[in-house]
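Shown next, in structure tokens, is the structure this report addresses.
The values are calculated or read from the model by the stated rules, or taken from the named source; none is laboratory data. Given the structure is predicted, the values throughout are model-derived calculations rather than measurements. Heads up, the Cβs are rebuilt from the backbone with ideal geometry, glycines too, and the neighbour counts pull from every protein chain shown. Ligands, DNA and RNA are stripped out before the accessible areas are found, and what is left, the full protein with its side chains, is counted by its heavy atoms. Shrake-Rupley method; radii C 1.70, N 1.55, O 1.52, S 1.80 Å.
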Amino acid sequence: MTRIALVALVVDDYDEAIRFYTEALGFRLAEDTPRPDGSRWVVVEPGDPGAGTALLLARAKGEAQRGRIGDQTGGRVGFFLHTDDFARDHARMTAAGVTFLEEPRHEPYGSVAVFQDLYGNRWDLLQPAAP
């Protein structure tokens, strides 16, 4: 079996990003390990440990990487956060200060709303429709 285990997300500051993903989005901090070069290996994940793809929060190095913070996918929705209770998570995230860019929509494929993370990356909060 193969799977995508981690997706790197370029961030400006480790601690700021950890706070957002754990407090506002409800992810758990899976790992925060210092590296010899002064960087850190920081992994956050939604849901149960090892249940899906996690994010590697990678602090930008150099101007080229800093220029990509918040725009890693050219303004498209690049991340999809599935939920089993859209109304619950939408309300919790809104109360935590997450910026939703639209009102919730109910599409044939499920309930969805686009939000942005603290850097401006676009995400879908999505509860897939029942099969």
Which residues in the range 79-118 have a backbone N closer than 15 Å to a point placed 7 Å from the Cα of Ala130 along the Cα-to-Cβ line? 84-86, 109-111
Order Val10, Val44 by their accessible area, 1.4 angstrom probe, all chains in place, largest first. Val10, Val44
Which ³J(HN,Hα) values, rounded to whole Hz and listed in residue order, are derived for the range 113-122 from phi using the Karplus coefficients 6.51, -1.76 and 1.60 in 6.51 cos²θ - 1.76 cosθ + 1.60 with θ = phi - 60°, glycine and proline given as x? 8, 8, 10, 10, 7, 5, 9, x, 4, 8
Using label points projected 7 Å from each Cα along Cα→Cβ, tell me how many nm separate Glu107 and Ala64, to one decimal. 3.3 nm
Zone residues, the range 87-131, relative to Glu23, backbone N less than 12 Å from point 7 Å out along Cα-to-Cβ: 96-98
Please give the helix 86-95 orientation as an angle from the longest Cα principal axis of the chain, in degrees from 0 to 90, rounded to the nearest 10. 50 degrees
For the chain, what does -39500 (n - 2.57) per DSSP helix run (n ≥ 4), summed and divided by total residues, give at 222 nm, in deg cm²/dmol to the nearest 500? -4000 deg cm²/dmol
